[in-house]
Amino acid sequence: MSFSYKSRFEEAVQAIRQEGRYRVFADLKRINGRFPQAIWTGPAGEREVTVWCSNDYLGQGQNAVVLDAMHQALDKAGAGSGGTRNISGTTHYHVELEAELADLHGKESALLFTSGYVSNEATLETVQKILPGLIIFSDAMNHASMIAGIRHGGGPRHIFRHNDLAHLEELLRAADPAAPKLIAFESVYSMDGDIADLKGLVALARRYNCMTYLDEVHAVGMYGKRGGGVAERDGVMDQIDIIEGTLGKAFGVMGGYIAADAVLIDAIRSYAHGFIFTTSLPPVLAAGALASVRWLKAHDEVRQQHQERAATLKRRFAEVGLPVMPSVSHIVPVLVGDPVHCKVISDMLLGEHGVYVQPINYPTVPRGTERLRFTPTPFHDDQMFDRLVGAMDRLWAHCNVKRMGGVAA
């Protein structure tokens, strides 16, 4: 009997369905000029909904300044870049954007990648090839892209408990003092909304002669006076060796990057397969990202509005007893704790109330911590808040999900 390839794939998908964590894509049409509103195509046809889970945290994807820059670039340069960065794919837009990102983070140089995932994976893999024997110390909650890069590098690695500097120091103390070392961590952890102790991490890195690698993808554009991230806010940008970020969240476009000393950037540029062997970002995206970075550097008031909206939503949820998870950032996670309940509530919010928030299940978060992850923006107004909180309050009772204090509705 021949091997049934198709049945194995069917069984794999069915296993996810049985756990209640099968993912369904929402078919959305963004409405230019009306963010965060969108048109959702569902079983009954099209209807307008409010998007509450976008990573376009500041609505820059519809900023007229960004769109104008992209229209101009499209008219001048056409659609694609025409090749890899080494073979005709480096345009002046790329050069300008890398200079702007280096300036944003107070570094000598920056390097563009096609996504934040690729920038993490390629850099963390490549740095191990350049530094044989490099020991990497990685926070337990680091993003999948960081984990992939660390694993692919093949070098020795240690995982320290999430945001546990005492555990990290234990591991550092036990390591070979002569070996090269790197501590890899994020600033804002996007599922829980907590923020790393960057000053404490930098102090440990100095004490044990380690390099530092900081993923700021959920912080660039949104923290610091110019949007340089938590490292700018906390005054430690100059003490971080490699800062990694994205252009697809607060900046509202697409792409990833690293910023560091010029010689380090030159080495990654010369060795990283994830950079060398892929077509570069289209000029139109580079131009839009460039305009967005420049605009956000000069508009700190948007960051202040964003923080106010996040704080207000946390307060509004808590006032009606919804189990808001502790968060010191702009992320507003509400614990459900069961994949089936999480999917049911998400579906009812969308189908009955015009509220789109995606359920977050394993493997994105550990089993038993399934949640709804809200990302309010400066464009979510008080009326939207009223509709959301009212819908959540009713559905929590309907689905008999535990509220704050552990009491079922």
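Tell me the angle of helix 283-297 to the major Cα principal axis of the chain, expressed in degrees between 0 and 90 and rounded to the nearest ten.
That works out to roughly 80 degrees.
If you project the alpha carbons of region 33-88 onto the principal axes, what extent comes out on each, in Å, largest first?
Cα spread of region 33-88 along its principal axes, largest to smallest: 47, 26, 21 Å.
With +1 assigned to the C-beta of every Lys and Arg and -1 to the C-beta of every Asp and Glu, and no other charges, what is the dipole magnitude of region 287-409 about the Cα centre in debye, to the nearest 20?
320
Given that just one value was derived from the coordinates, which of (i) 163; (ii) 178; (iii) 188 is volume of the Cα convex hull per residue in Å³?
Here volume of the Cα convex hull per residue in Å³ agrees with entry (ii).
How far, in nm, would the chain grow between residue 315 and residue 13 when pulled straight, counting 0.36 nm per residue and subtracting the alpha carbon separation?
104.9 nm
Give me the angle, in degrees from 0 to 90, between the Cα long axis of helix 382-398 and the longest principal axis of the Cα atoms of the chain, rounded to the nearest 10.
70
What FRET efficiency comes out for residue 271 versus residue 301 if R0 is 30 angstrom and r is the Cβ-Cβ distance? Round to the nearest 0.05.
Working from the Cβ atoms, E equals 0.15.
Taking a point 7 angstrom from the Cα of residue 397 along the C-beta vector, which residues in region 329-363 have backbone N less than 12 Å away?
none
Helix 92-104 sits at what angle to the longest principal axis of the chain, using alpha carbons and giving 0 to 90 degrees rounded to 10?
Once rounded, the angle reads 80 degrees.
Bin all alpha-carbon pair distances of region 258-305 at 5 Å intervals from 0 and give each bin's fraction as a whole percent.
Whole-percent P(r) values from 0 Å outward: 4, 16, 14, 16, 21, 14, 8, 6, 0.
What's log10 of I(q)/I(0) for region 85-128 at q = 0.20, 0.22 Å⁻¹, Debye sum over Cα points only, no solvent?
Relative scattering, expressed as log10 I(q)/I(0), comes to -0.75, -0.88.
Set the Förster distance to 30 Å, then compute FRET efficiency between residue 340 and residue 5 from the Cβ-Cβ distance, nearest 0.05.
Using R0 = 30 Å, I get an efficiency of 0.50.
Can you figure out the FRET efficiency of residue 71 with residue 382, using R₀ = 41 Å and their beta-carbon distance, to the nearest 0.05?
Once rounded, the FRET efficiency stands at 0.80.
Which cross-chain or sequence-distant (5 or more) residues have an amide H under 5 Å from the amide H of residue 337, H modelled 1.01 Å from N in plane?
370, 371
Which value, in Å² rounded to 10, gives the accessible area of residue 125 with a 1.4 Å probe and all protein chains present?
Near enough 50 Å² of accessible area.
Which of rounded, prolate or oblate describes region 1-94 when judged by the alpha-carbon gyration tensor and an a/c cut-off of 1.5?
Oblate is the answer for region 1-94, as a/c is 1.5 or above yet b/c matches or exceeds a/b.
Report the longest stretch of the chain that contains none of the chymotrypsin sites (Phe, Trp or Tyr not before Pro) sitting in a DSSP loop with at most 11 other Cβ atoms within 10 Å.
26-276
Of 129/297; 199/297; 29/343; 181/249; 129/199; 107/249, which sit over 25 Å apart, Cα to Cα?
Exceeds cut-off: 129/297; 181/249; 129/199.
At 7 Å along the Cα-to-beta-carbon direction for both residue 103 and residue 263, put a label point, then send me their distance in nm to one decimal.
2.6
As I understand it, the dipole of the chain uses +1 on the Cβ of Lys and Arg and -1 on the Cβ of Asp and Glu, about the Cα centre. Which of 360, 64, 240 lies farthest toward its positive end?
360
Would you mind getting the accessible area per residue of the chain, heavy atoms of the protein chains only, 1.4 Å probe, in Å²?
For the chain, the solvent-accessible area averages 44 Å² per residue.
Using a 1.4 Å probe over the heavy atoms of the protein chains, calculate the carbon and sulfur portion of the accessible area of the chain as a whole percent.
The computed percentage sits at 55.
The values are calculated or read from the model by the stated rules, or taken from the named source; none is laboratory data. Please read all numbers here as calculations on a predicted model, not as lab measurements. All Cβ positions, glycine included, derive from the backbone under ideal geometry; neighbour counts span all protein chains shown. Heavy atoms of the whole protein, side chains included, go into the accessibility calculation; ligands, DNA and RNA do not. Shrake-Rupley method; radii C 1.70, N 1.55, O 1.52, S 1.80 Å.
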